[in-house]
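Right, one structure below, let's go through it.
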């Protein structure tokens, strides 16, 4: 069974979805720890109630990004993770940190990458008048919100959508595809070839790159 460490900065709703999938028997992983850079993060209490070890490392206590990332990596490595999951972890990670976990560090972003990297994705999508928006799970690279795509989910943008309504519909999809991606990784169904994700043959043939269901 694969060891997973989850990093959060706030409520951790995607973390909650991963925990729920594990508890339902749909996700064969050991969630070894949840770590936050903010001691007040609500998700730490949620994880503790699920009997998951929790830690916080306050980034404000460090002189710079590299020193914080070094302390964070030391804490993560204590749990011998096979996979590190960014679940609303609101820090830009240094290149050294990303390289250390290359091929085993994933993130979820609230847009159909490569469109709308960065912040305020839903408002930007509305301003641009796109008709389809969504979310992406991807392997992390040193380039912000960039990296090989594992899975995406798309929703239509409605004429009366607000930033809040669009965000709410996409969050529902995030909670479906993130556990899916973690499960594929845990089951050895993902490989990286020349900067692209390859799915196991049975998944690729069934067209599940964009999927709302855990299989």
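What's the total number of residues in the range 146-155 that are surrounded by fewer than 19 Cβ atoms within 10 Å (Cβ to Cβ) and in contact with a helix residue (DSSP H, G or I) (Cβ under 9 Å, 6 or more places away or on another chain)?
2
May I ask you to say which residue of 82, 78, 69 is farther than 20 Å from residue 171 by Cα and crowded, with 21+ Cβ neighbours inside 10 Å?
That would be 69, the only listed residue that is farther than 20 Å from residue 171 by Cα and crowded, with 21+ Cβ neighbours inside 10 Å.
Out of the range 156-185, which residues are buried (at least 17 other Cβ atoms within 10 Å of the Cβ) and not in a helix (DSSP H, G or I)?
Answer for the range 156-185, where residues must be buried (at least 17 other Cβ atoms within 10 Å of the Cβ) and not in a helix (DSSP H, G or I): 157, 161.
Filter the range 106-148 for residues that are in a strand (DSSP E or B) and within 20 Å of residue 13 (Cβ to Cβ) and give the result.
Across the range 106-148, the qualifying residues are 106, 107, 108, 109, 133, 134, 135, 136, 137, 138.
Got at least one residue in the range 66-86 being farther than 17 Å from residue 107 by Cα and part of a strand (DSSP E or B)?
No: zero hits.
Being crowded, with 19+ Cβ neighbours inside 10 Å and in contact with a helix residue (DSSP H, G or I) (Cβ under 9 Å, 6 or more places away or on another chain) is the filter here; which residues of the range 87-97 pass it?
87, 88, 93, 94, 97
Values quoted throughout were computed directly from the atomic coordinates according to the rules given, and no laboratory measurement underlies them. Nothing here was measured: the structure is a model prediction, and the numbers come from that model. Because the Cβ atoms are built from the backbone with ideal geometry, glycine has one as well, and the counts that use them run over all protein chains shown.
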